[in-house]
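Trainee: Right, I'll just put the structure down here and ask away after.
The values are calculated or read from the model by the stated rules, or taken from the named source; none is laboratory data. These numbers were taken from a predicted model, which means no experiment stands behind them. A quick note on method: Cβ atoms are made from the backbone with ideal geometry, for glycine too, and the neighbour counts reach across all protein chains shown.
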Amino acid sequence: MTLQQTTERAAAEPRTPGRDPAPLLPDRRPARVLGTPAADAVDPALLRELHRHLVVGRRFNEQATALTRQGRLAVYPSSRGQEACQVAAALALRPRDWLFPTYRDTLAVVARGVDPVETLTLLRGDWHTGYDPVEHRVAPLCTPLATHLPHAVGLAHAARLSGDDLVALALTGDGGTSEGDFHEALTFAGVTRAPVVFLVQNNGYAISVPLAKQTAAPTLAHKGVGYGVPGVQVDGNDVVAVHGVLSTAVEKARSGGGPTLVEALTYRLDAHTNADDAARYRSDDEVERWRAEDPVTRMETHLRAAGLLDEETGRQALAAAETMAADLRRRVAEEPAVDPMELFAHVYATPTAQLGEQRARLAAELRAEAGSR
Amino acid sequence: MTSSGTTMAEALNTALRHALRDDPAVHVMGEDVGTLGGVFRITDGLAAEFGDARCADTPLAESGILGTAVGMAMYGLRPVVEMQFDAFAYPAFEQLVSHVAKMRNRTRGRLPLPLTIRVPYGGGIGGVEHHSDSSEGYYLHTPGLHVVTPATVGDAYGLLRRAIASDDPVVFLEPKRRYWTKEDWSPDGPAAPVPPIGRAVLRRPGTDAVLITYGPSLPVCLEAADAAREEGLDVGVLDLRSLVPFDDETVCAAVRATGRAVVVHEASGFGGAGAEIAARVGERCFHHLEAPVRRVTGLDVPYPAPLLERHHLPGVDRVLDAVRDLQWPSATRARHGGEPYAVGA
């Protein structure tokens, strides 16, 4: 090595943050609770609550998919098989925290307490966001992949600047981690140390493209190290583990510990949407293998073994699911009330003169239409 | 104008300072806006005065800057984002189009985004590639955004204050070649009140024709109007100030009063702001027009290298040629010694 090279290297050293990457790396094996001794230490009330949400959530997925077949929903991106991630994400948050979902995360939104019909307006077609995001602290369902991740960082950062201890939890998928906004969101989160948690639901496919064609990263959780954000991997079909990992990350963020990237390993049992044909890109054998890892069944197996799932508890969970499904069927079957005049109402705080003209024209068209009936 | 006047850069800096002073929700953010004060020094001294949380240097990632600002606005802050140059704002385009412009609408008004996106734009500074774009066309075609551009020092201050106070997202296009132009203006002076966003202002009255323009082309049009005066034509100059909302009322009044109009802007002509303006004038003022509305714009070429940009940018001569081309009656031609003007392109 020449003297010059030595000097250059020395001069460059202070520029690196000098952090030890080891604590940022995920453990060799994904975190699990079900089937391990740790499961016995979990509060039975929490287990029962998680279970009830799983049962209702599974029914929600099945009912929403059925509604697409009846033409009541234009499309439904199902999270069947991913209910553990959905339920745990909603339940790891406090009421003042914010959830940033994607289009596949309707169940997380419902589990947070948003009305199922309001949650589904995007897919029913009456308005893009049917629920009040401010009241529920749930951002709109985001369709352009990963573009909502910087929003979660910004909201969390703003809260921290304002002395507010809320946390933002942002959901994305394995495909989403290839998007530029994933990179930019984690860059900003690392630098600002915003109280934000990213949950990557790695279901193995971005529509049809398997993870092997998506990334060469050791795991998606490893991606965090490049941003100074710790990565954690969790068994995504173990609702207790996902809930535990997310709760820890959320409370760490709340107490000033900065962001966490969580990768949950899970599987989408249904096709991408009702319009997709999953048989074109994955085998029945593979689906069957994951069916054996069904998050609802795994939870029930544990509860039974632990003596926490008597007949009455199981019956109550199923009854709650049926009530939800019946209500959803009945209300979605009603013709949604849409008001064409609302097209102009929310474009700007005050509609422009041009929008005023267009509104008047549409109103005249509607009058003519009504007159000719 | 005096040498002791105020530059547009200083006026913008003062507007940001006053906004930060008056409203704790205002947060300035972008690349190099902190310690350096911005590559054009528009944020000079703000980090020192208000702290690096209120005037924050960000990572070099425009989508991340704007996306983070969206989240901050969702929380209730009032971010003012600086995009370093026109063409460097494009990585943030998806955030702008898919989220900034739509958030209020898709949430039925529950999540308005009071966001200002400052973009130095336009050419004429001898900038190398990707430093001279006129990008207003991309923005004005996106419902949900306001698109504002000042042409004077007083408007730079007044419109930026109004943009920051607006509850709608505003793309605030700063004509960078006007940054160092001085005018007699002081924020404390008895300046005429700045009209709101959405109102055009007649910078120069004229009875024979009107030049409709904005931002960096205003001085070109004023100079062309002076030159036309020497040819016996009384040409007015209308400064749009805001492309969205668009002031049809003032534009049409100016056109009806003269019957002849030329639209002037730096951006390429095809599918640009001038096309929209000419169409609107045609639809609304057809029976008042003595000649088709002419457009004088940048060429339909990618922004040229610095040594060629003068051939691209609309200059005084091209504007004058267009004015001469407005199908003047022979009586008017006679005023110019019977020299006939060419009709048609």
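Trainee: Being of a type outside the set (A, V, I, L, M) and in contact with a Pro (Cβ under 7 Å, 6 or more places away or on another chain) is the filter; apply it to the range A:319-358 and report the residue that is farthest from A:Leu123 (Cα to Cα).
Mentor: A:Thr352
Trainee: Related question: If you check B:Ala48, B:Ala56, which single one turns out to be part of a strand (DSSP E or B), more than 7 Å from chain A (Cβ to nearest Cβ) and more than 30 Å from B:Ala267 (Cα to Cα)?
Mentor: Working: B:Ala48 fails: part of a strand (DSSP E or B).
Result of the check over B:Ala48, B:Ala56: B:Ala56.
Trainee: Kindly indicate whether A:Met299 is assigned to a helix (DSSP H, G or I), within 14 Å of chain B (Cβ to nearest Cβ), modelled with pLDDT of 95 or more and farther than 21 Å from A:Gly113 by Cα.
Mentor: Judged against the criteria, A:Met299 is not a match.
Trainee: Is it true that B:Pro169 is modelled with pLDDT of 95 or more and within 14 Å of chain A (Cβ to nearest Cβ)?
Mentor: Judged against the criteria, B:Pro169 is a match.
Trainee: Which pairs turn up if I take residues in the range A:184-199 that are assigned by TED's automatic domain parsing to the domain that holds A:Asn237 and of a type in the set (Ser, Thr, Tyr) and look for partners that are surrounded by fewer than 24 Cβ atoms within 10 Å (Cβ to Cβ) and in a helix (DSSP H, G or I) with beta carbon separation below 9 Å, at least 6 apart in sequence or on another chain?
Mentor: Filtered contacts from the range A:184-199: A:Thr187/A:Gly226; A:Thr187/A:Tyr227; A:Thr192/A:Arg160.
Trainee: Name every residue in the range B:5-45 that is outside any loop (DSSP other than H, G, I, E, B), among the small types (Gly, Ala, Ser) and either under 24 Å from B:Val70 (Cα atoms) or in contact with a His (Cβ under 6 Å, 6 or more places away or on another chain) (or both), in order of residue number.
Mentor: Correct list: B:Ala15, B:Ala19, B:Gly30.
Trainee: When you go through (1) more than 25 Å from A:Ala170 (Cα to Cα); (2) among the acidic types (Asp, Glu); (3) in a helix (DSSP H, G or I) one by one for A:Asp276, which number turns out not to apply?
Mentor: (3)
Trainee: So in the range A:168-189, with the set limited to residues that are over 20 Å from A:Ala88 (Cα atoms) and touching a Pro at 6+ places or on another chain (Cβ under 7 Å), which one is nearest to the other protein chains (Cβ to nearest Cβ)?
Mentor: A:Glu184
Trainee: Condition (residue is touching a residue at least 12 places away in the same chain (Cβ under 8 Å), out of contact with any Leu (no Cβ under 7 Å at 6 or more places or on another chain), assigned to a loop (DSSP other than H, G, I, E, B) and over 27 Å from A:Val55 (Cβ atoms)) applied to the range A:230-246: is it met by at least one residue?
Mentor: no
Trainee: Out of the residues in the range A:353-373 meeting the condition of being within 11 Å of chain B (Cβ to nearest Cβ) and among the polar types (S, T, N, Q), tell me which one is farthest from B:Pro245 (Cα to Cα).
Mentor: Here the answer is A:Gln358.
Trainee: Is it true that A:Val209 is under 20 Å from the mean Cα position of the chain (by Cα), under 30 Å from A:Leu269 (Cα atoms) and crowded, with 23+ Cβ neighbours inside 10 Å?
Mentor: Answer is no for this residue.
Trainee: Next question, about the same structure. From the list B:Val148, B:Val80, B:Val70, B:Val119, which one is facing another protein chain (nearest Cβ under 8 Å), crowded, with 22+ Cβ neighbours inside 10 Å, of a type outside the set (D, E, K, R) and within 17 Å of B:Pro169 (Cβ to Cβ)?
Mentor: B:Val70
Trainee: Quick check: is even one residue across the range A:91-100 farther than 15 Å from A:Leu199 by Cβ and either among the hydrophobic types (A, V, I, L, M, F, W, C) or part of a strand (DSSP E or B) (or both)?
Mentor: So far as the range A:91-100 goes, no, none of its residues is farther than 15 Å from A:Leu199 by Cβ and either among the hydrophobic types (A, V, I, L, M, F, W, C) or part of a strand (DSSP E or B) (or both).
Trainee: Between a residue in the range A:258-279 that is under 30 Å from A:Leu161 (Cβ atoms) and any residue that is modelled with pLDDT under 95 and not basic (Lys, Arg), which pairs come within a Cβ distance under 6 Å, given they are 6 or more apart or on different chains?
Mentor: As it stands, the answer is none, since no pair meets every condition given.
Trainee: Considering the range B:83-100 alone, what residues qualify as being buried (at least 22 other Cβ atoms within 10 Å of the Cβ) and more than 7 Å from chain A (Cβ to nearest Cβ)?
Mentor: Let us first name the residues in the range B:83-100 that are buried (at least 22 other Cβ atoms within 10 Å of the Cβ), namely B:83, B:86, B:89, B:92, B:95-96, B:99-100.
Result: B:Met83, B:Asp86, B:Ala89, B:Ala92, B:Leu96, B:Val100.
Trainee: Scan the range B:62-99 for residues that are part of a helix (DSSP H, G or I), within 22 Å of the chain's Cα centre (by Cα) and over 23 Å from B:Gly137 (Cα atoms) and report the count.
Mentor: 0
Trainee: So, one more: May I ask you to list the residues in the range A:122-139 that are more than 10 Å from chain B (Cβ to nearest Cβ) and either touching a Cys at 6+ places or on another chain (Cβ under 6 Å) or within 19 Å of A:Arg330 (Cα to Cα) (or both)?
Mentor: A:Leu123, A:Arg124, A:Gly125, A:Asp126
Trainee: With respect to A:Ala170, is the statement that it is surrounded by 18 or more Cβ atoms within 10 Å (Cβ to Cβ), in the same structural domain as A:Gly71 (by TED's automatic domain parsing), in contact with a Ser or Thr (Cβ under 6 Å, 6 or more places away or on another chain) and under 17 Å from A:Phe100 (Cα atoms) true?
Mentor: The answer is no for A:Ala170.
Trainee: Now for a different question. Filter the range A:115-164 for residues that are farther than 20 Å from A:Ala185 by Cα and hydrophobic (A, V, I, L, M, F, W, C); which is surrounded by the most Cβ atoms within 10 Å (Cβ to Cβ)?
Mentor: For the range A:115-164, the residue satisfying everything is A:Leu120.
Trainee: Tell me, please, whether a residue that is farther than 30 Å from B:Val128 by Cα, assigned by TED's automatic domain parsing to the domain that holds B:Leu211, touching a strand residue (DSSP E or B) at 6+ places or on another chain (Cβ under 8 Å) and assigned to a loop (DSSP other than H, G, I, E, B) can be found in the range B:293-306.
Mentor: Checking the range B:293-306: at least one residue is farther than 30 Å from B:Val128 by Cα, assigned by TED's automatic domain parsing to the domain that holds B:Leu211, touching a strand residue (DSSP E or B) at 6+ places or on another chain (Cβ under 8 Å) and assigned to a loop (DSSP other than H, G, I, E, B).
Trainee: A further question follows. For A:Gly204, indicate whether it is buried (at least 24 other Cβ atoms within 10 Å of the Cβ), more than 14 Å from chain B (Cβ to nearest Cβ) and among the small types (Gly, Ala, Ser).
Mentor: no
Trainee: Condition check: buried (at least 22 other Cβ atoms within 10 Å of the Cβ), of a type outside the set (A, V, I, L, M) and more than 8 Å from chain A (Cβ to nearest Cβ). Does B:Gly5 satisfy that?
Mentor: So B:Gly5 fails the test.
Trainee: Pick from A:Gly173, A:Gly163: which is modelled with pLDDT of 95 or more and under 30 Å from A:Ala271 (Cβ atoms)?
Mentor: Matching residue, one of A:Gly173, A:Gly163: A:Gly173.
Trainee: In this structure, is A:Asp165 at the interface with chain B (Cβ under 10 Å from one of its Cβ atoms) and among the acidic types (Asp, Glu)?
Mentor: Criteria not met by A:Asp165.
Trainee: Could you say whether any residue in the range A:339-350 is assigned to a helix (DSSP H, G or I), touching an Asp or Glu at 6+ places or on another chain (Cβ under 8 Å) and at pLDDT 95 or above? Before the answer, list the steps.
Mentor: Going residue by residue through the range A:339-350, those that are assigned to a helix (DSSP H, G or I) are A:340-344.
So of that shortlist, the ones also touching an Asp or Glu at 6+ places or on another chain (Cβ under 8 Å) come out as none.
The answer is no; no qualifying residue exists.
Trainee: Okay, next question. Which pairs do you get when a residue that is facing chain B (nearest Cβ under 8 Å), found in the range A:140-162, comes within reach of a residue that is among the acidic types (Asp, Glu) and crowded, with 22+ Cβ neighbours inside 10 Å, reach meaning Cβ atoms under 7 angstrom, with the pair 6+ apart or on two chains?
Mentor: Partner pairs satisfying both residue conditions: A:Thr147/A:Asp181; A:Leu149/A:Asp181; A:Pro150/A:Asp181; A:Pro150/A:Glu184.
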